[in-house]
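The values are calculated or read from the model by the stated rules, or taken from the named source; none is laboratory data. These numbers come from a predicted model, not from an experiment. FYI the Cβ positions are ideal-geometry reconstructions off the backbone, even for glycines, and counts take in every protein chain you see.
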Amino acid sequence: MFNNENSLEVKDKILKEAQDLFIKNGFKGTSVRDIAKASGTNVAMVNYYFQSKYNLFEIIFEEALDVFSKRIFDTITSDLPFFELIESWIHAYYELLFEYPQIAAFILNEVSLNPEGLTQRIKKRNPYSSFSKIEERIEDEIAKGTIRDTPAADFLLNILSMCMFPFMFGNLAMTLMEIPGNIYNELIANHEKYVIEFTINALKPCDNNTNKTTQ
């Protein structure tokens with residue numbers, strides 16, 4: 001039915017156009033017919049190569065998740081000074097989620113429909129060694145008095161939720177605030193600075209005399 005000579009080229013074209021459409025319209029807002037039209041193929045060809053829209057999205061997500069997890073894990077296991085590490089860590093989330101917004105969409109979808117599958121995807125990338133390293137760094141900083149006593153699990157959850165939430169619920173936020181996507185993206189870019197400052201200030205120990213965080 002299809003020529004072997006150009007099958008790889010056709011698959012790559014479908015993947016590229018599908019990724020662009022998923023980023024622009026989201027998973028639910030993109031149909032197989034949309035992908036076929038954008039890639040210059042047809043529905044039968046898309047289904048032949050990828051079986052379903054979900055499988056196609058899954059391939060794109062896996063590739064993006066590889067890039068995402070490597071960048072994040074490399075950052076949190078680096079030897080940067082602690083507060084610089086925090087800033088780089090948060091910046092990595094924002095930079096990658098702007099580049100791969102399908103990650104946030106897919107995670108939100110999987111949390112609702114297939115949480116066990118999502119757990120296995122993350123586990124196979126061995127996050128434990130990276131998180132153990134950041135836990136050790138936190139304990140060291142507490143011992144030095146650089147930061148207040150902070151449970152590592154709570155800290156990790158705070159970082160994850162503050163960075164992921166604006167991207168997961170971007171469409172809802174834009175609807176509620178009645179603003180277009182470009183304005184929302186500007187807001188989120190500026191919000192990154194706030195999250196960095198908020199996180200670092202929350203970690204700094206309090207001055208018992210003034211009841212304020214030390215600068």
Give the residue, chosen from Glu110, Glu135, that is surrounded by 14 or more Cβ atoms within 10 Å (Cβ to Cβ), assigned by TED's automatic domain parsing to the domain that holds Leu65 and at pLDDT 80 or above.
-> Glu135
Among Ala92, Ala105, Ala64, the single one that is touching a Gly at 6+ places or on another chain (Cβ under 8 Å) and within 30 Å of Glu197 (Cα to Cα) is Ala105
Restricting the stretch 15-39 to residues that are among the acidic types (Asp, Glu) and modelled with pLDDT of 90 or more, the one surrounded by the most Cβ atoms within 10 Å (Cβ to Cβ) turns out to be Glu17
Search the stretch 54-83 for residues being β-branched (Val, Ile, Thr) and touching a residue at least 24 places away in the same chain (Cβ under 8 Å), and hand back the single one that is surrounded by the most Cβ atoms within 10 Å (Cβ to Cβ).
-> Ile76
Given (1) surrounded by 13 or more Cβ atoms within 10 Å (Cβ to Cβ); (2) touching a residue at least 12 places away in the same chain (Cβ under 8 Å); (3) farther than 19 Å from Ser69 by Cβ, Ile86 misses just (3)
